[in-house]
Amino acid sequence: MICPRAVFITGANKGLGLEFVRQFLRLDNPPQQLFATCRDPENAVELRKLEDQNACVQVLKLDITCEADIKSAAREVESSLNNKGLNLLINNAGVTRKRQYVGNLNKEHLLEQFSTNAVGPLLVTQSLLPMLLKAAESRDTLVSCNKAAIVNISSILGSITESRSGGMYGYRPSKAALNMITKSLHEELKEKDILVTALHPGWVRTDIGGPEADMSPEESAKACLMVLSKLSKENSGRFLSYDGKMIDW
Ligand code: NDP
């Protein structure tokens, strides 16, 4: 069963991130503290409604490419946790610029995707690490998403082994970089009892997935939470799909 006490989610204003927030709130034991972050809280109407209706939700401003935002969000979380740890970080925010073939590359768009999909999640993780380490000290919980975990929402498009269709020179390599970051974090943090995983959420009907995608955000988030509920020390450091299957890096 998934029941982390404190959860932090990036890109929580829409799509999968917003649906993660909704589904955490529907758990039998919802988080006592749910830090739902987004770039523009003032215009995050749905998310703010959830904050008004649920005392555990705290909406914070966070552009994951902005170091000042990252530091300020980490300070707010630390103060709000009041010496308790952070159990689960979901690095969900991501960006894609679909039409990128070798003939029409745009350096700014390439860097934007690396900055958002790979560097951002790593810097957010760094800033929240002291709070994850605090949660990992707990002696009475096994390694799991209820204790201390970093979940990086990746994409099968970042798998080098599974790559078949070419193009997407910003999105694919930036998600491949996020996968490498996941593995490195796992190797660095495994002795500290922090679980780290990369998760492909399926092809989902969001702004990134488009209207033709296979799954609704509800279906995807539900399946992802099921996968997260089963993670343990044994399957940390892997690239998993929403159906629980392993994906080759
Ligand atoms: P959406 O476009 O609906 O959501 C993307 C989210 O990321 C938005 O909240 C967006 O905020 C946020 N975001 C983008 N850039 C930044 C930034 N610099 N700082 C903070 N937040 C940012 O797409 P999804 O919900 O589908 O995407 C969620 C994750 O799932 C992404 O990592 C994506 O790569 C991954 N994914 C999605 C798939 C799909 O089929 N949908 C398939 C595989 C992976 P804003 O509204 O401000 O732009």
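Throughout, read-outs are computed from the coordinates displayed, never taken from laboratory work. If you're wondering where the values come from, they're calculated on a predicted model, not measured in any experiment. Glycine gets a Cβ as well: all are built from the backbone with ideal geometry, and neighbour counts include every protein chain shown.
Take the Cα radius of gyration of the chain and divide it by 2.2 N^0.38 Å, with N its residue count; two decimals is plenty.
0.94
What spacing in nm lies between the two simple spin-label points modelled at Asn235 and Asp214, each 7 Å away from Cα in the Cβ direction?
1.7 nm
By how many degrees, 0 to 90 and rounded to 10, does the Cα axis of helix 67-81 deviate from the longest principal axis of the chain?
30 degrees
Enter the mean projected area of the convex hull around the alpha-carbon atoms of segment 39-171, in nm², rounded to one decimal.
Mean projected area of the Cα convex hull: 10.5 nm².
Rank these for me by crowding, Leu111, Leu199, going from fewest to most other beta carbons within 10 Å.
So the ranking, lowest neighbour count to highest, is Leu111, Leu199.
Please list, in chain and number order, the residues 5+ apart from Ser138 or on another chain whose amide H is under 5 Å from its amide H, with Hs placed from the backbone.
none
Let me check against my output: what whole-number percent is the relative contact order of segment 6-241, with C-alpha pairs under 8 Å and at least 6 apart?
Working: 442 pairs, mean separation 45.8, N = 236.
This gives 19 percent for segment 6-241.
With a sphere of radius 15 Å drawn around the Cβ of Ala44, what net charge do the other residues whose Cβ falls strictly inside it have (Lys, Arg +1; Asp, Glu -1)? Walk me through the numbers on the way to the answer.
Values: positive: Lys14, Arg22, Arg39, Arg48, Lys49, Lys61; negative: Glu19, Asp40, Glu42, Glu46, Glu51, Asp52, Asp63, Asp69, Asp207.
Summing Lys and Arg as +1 and Asp and Glu as -1 gives -3.
Between the helical axis of 171-189 and the dominant principal axis of the chain, each derived from Cα atoms, what acute angle in degrees is found, rounded to the nearest 10?
Roughly 40 degrees, rounded to the nearest 10.
Take Ile150, Ile70 and order them by how many other Cβ atoms sit within 10 Å, fewest up front.
Going from least to most buried by this count: Ile70, Ile150.
If you take the square roots of the eigenvalues of the alpha-carbon gyration tensor of segment 147-249 and sort them as a ≥ b ≥ c, do you get rounded (a/c under 1.5), prolate (a/b over b/c) or oblate?
Oblate.
Which of the listed residues, Asn104, Gly94, Ile70, is farthest toward the dipole's positive end in segment 39-107, when Lys, Arg count +1 and Asp, Glu count -1 at the beta-carbon?
Farthest towards the positive pole: Asn104.
Once you've got the Cα coordinates, tell me which of Lys134/Lys233; Lys134/Lys222; Lys14/Lys61; Lys84/Lys175; Lys192/Lys230; Lys190/Lys230 are over 23 Å apart.
Lys134/Lys222; Lys84/Lys175
Of Ile194, Thr125, Pro41, which is farthest along the charge dipole of the chain in the positive direction, counting Lys and Arg as +1 and Asp and Glu as -1 at C-beta?
Ile194
Please give the charge dipole size of the chain, origin at the Cα centre, charges +1 on K and R Cβ atoms and -1 on D and E Cβ atoms. Round to the nearest 20 debye.
On the way: 30 positive and 29 negative charges, 53 e Å.
Roughly 260 debye for the chain.
Helix 217-229: angle to the longest alpha-carbon principal axis of the chain, degrees 0 to 90, nearest 10?
On a 0 to 90 degree scale, this one is about 60.
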